[in-house]
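The values are calculated or read from the model by the stated rules, or taken from the named source; none is laboratory data. All values derive from a computational prediction rather than experimental measurement. Note that each Cβ is placed from the backbone with ideal geometry, even for glycine, and that neighbours are counted across all protein chains shown. These area figures cover heavy atoms from the full protein model, side chains too; ligands, DNA and RNA do not enter into them. Shrake-Rupley method; radii C 1.70, N 1.55, O 1.52, S 1.80 Å.
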Amino acid sequence: MLTAAIYYASFYGSTKQYAEELATRLGTTAEEITEGSASTIRASDEPLIILSPIHGPSHPGVKVVKEVGQEGVEKRKVALVTVGMTLDHVVEAQDPARALLGDLAGDVERFYLPGRLNYSELSPKHRNIMKGLITMLKLKPGKTENERMMIDTYGTNTDRVDLGRLDAIVEWAKK
């Protein structure tokens, strides 16, 4: 079996679900990102897969890749898997992880997976942020397709997790 280091950050569970399933498929384990993850990762040269949600400009996976640094990234295959609610074709066209990674983007393979947003599980802070965002979007003229989707699904538990989408990541890891 292929050995790979799999790390993840998850706020509401969909990223953890993907990480654990990916680990099962690759015959390894998935580790939650902690303060010491970057130093552990730097000490290894096995392929690295980091799964992380993105919330606006906050992306814990990008933070870890940057902490690992150029030298740590160059000595192995690295993939960053971003889990979110943005429509697939929109997130792939925007490729937000590329911009967040900066100079490291050329050395990091990027994948995007659809996640889950259960309003019933949101923290009060996150719920208030979403309420403010949706209120602003409703007032905005010329809404994008993605903005309309956000308005239409506001307040509704939405699960777009698709474990079949891990096939592309498994294929990348095995190359």
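Scan the stretch 132-155 and tell me whether some residue there is among the polar types (S, T, N, Q), modelled with pLDDT of 95 or more, outside the structural domain of Gly56 (by the TED database) and in contact with a strand residue (DSSP E or B) (Cβ under 9 Å, 6 or more places away or on another chain). So far as the stretch 132-155 goes, yes, one or more of its residues are among the polar types (S, T, N, Q), modelled with pLDDT of 95 or more, outside the structural domain of Gly56 (by the TED database) and in contact with a strand residue (DSSP E or B) (Cβ under 9 Å, 6 or more places away or on another chain). Restricting the stretch 121-144 to residues that are in a helix (DSSP H, G or I) and aliphatic (A, V, I, L, M), the residue that is surrounded by the fewest Cβ atoms within 10 Å (Cβ to Cβ) is Leu139. Would you point out the residue of the stretch 33-55, among those that are in contact (Cβ under 8 Å) with a residue 40 or more places away in the chain and of a type in the set (A, V, I, L, M, F, W, C), that is surrounded by the most Cβ atoms within 10 Å (Cβ to Cβ)? If we take residues in the stretch 33-55 being in contact (Cβ under 8 Å) with a residue 40 or more places away in the chain and of a type in the set (A, V, I, L, M, F, W, C), then Leu51 is surrounded by the most Cβ atoms within 10 Å (Cβ to Cβ).
With the structure loaded, tell me whether Ala9 is among the hydrophobic types (A, V, I, L, M, F, W, C) and open to solvent by 30 Å² or more (accessible area, probe 1.4 Å) or whether it fails that test. For Ala9, the condition - among the hydrophobic types (A, V, I, L, M, F, W, C) and open to solvent by 30 Å² or more (accessible area, probe 1.4 Å) - is not met.
Taking Ala105, is it small (Gly, Ala, Ser), more than 27 Å from Asn157 (Cβ to Cβ) and assigned to a strand (DSSP E or B)? Answer is no for this residue. Scanning the stretch 56-88 for residues that are within 9 Å of the chain's Cα centre (by Cα) and in a strand (DSSP E or B) yields Leu80, Val81, Thr82, Val83, Gly84.
Among the residues of the stretch 13-32, those identified as part of a helix (DSSP H, G or I) and open to solvent by 30 Å² or more (accessible area, probe 1.4 Å) are Lys16, Gln17, Glu20, Glu21, Thr24, Arg25.
Here Val91 meets each of (1) touching a residue at least 40 places away in the same chain (Cβ under 8 Å); (2) in contact with a strand residue (DSSP E or B) (Cβ under 8 Å, 6 or more places away or on another chain); (3) open to solvent by 10 Å² or more (accessible area, probe 1.4 Å) with one exception, condition (1). Taken over the stretch 103-120, the criterion of being more than 12 Å from Leu80 (Cβ to Cβ) and open to solvent by 50 Å² or more (accessible area, probe 1.4 Å) is satisfied by Asp103, Gly106, Arg116, Ser120.
Which condition number does Ile6 fail, the rest of (1) under 30 Å from Thr156 (Cα atoms); (2) modelled with pLDDT of 95 or more; (3) in contact with a helix residue (DSSP H, G or I) (Cβ under 6 Å, 6 or more places away or on another chain) being met? Of everything listed in (1) under 30 Å from Thr156 (Cα atoms); (2) modelled with pLDDT of 95 or more; (3) in contact with a helix residue (DSSP H, G or I) (Cβ under 6 Å, 6 or more places away or on another chain), Ile6 misses just condition (1). Residue count for the stretch 121-138 satisfying the condition of being of a type in the set (Gly, Ala, Ser) and within 22 Å of the chain's Cα centre (by Cα): 1.
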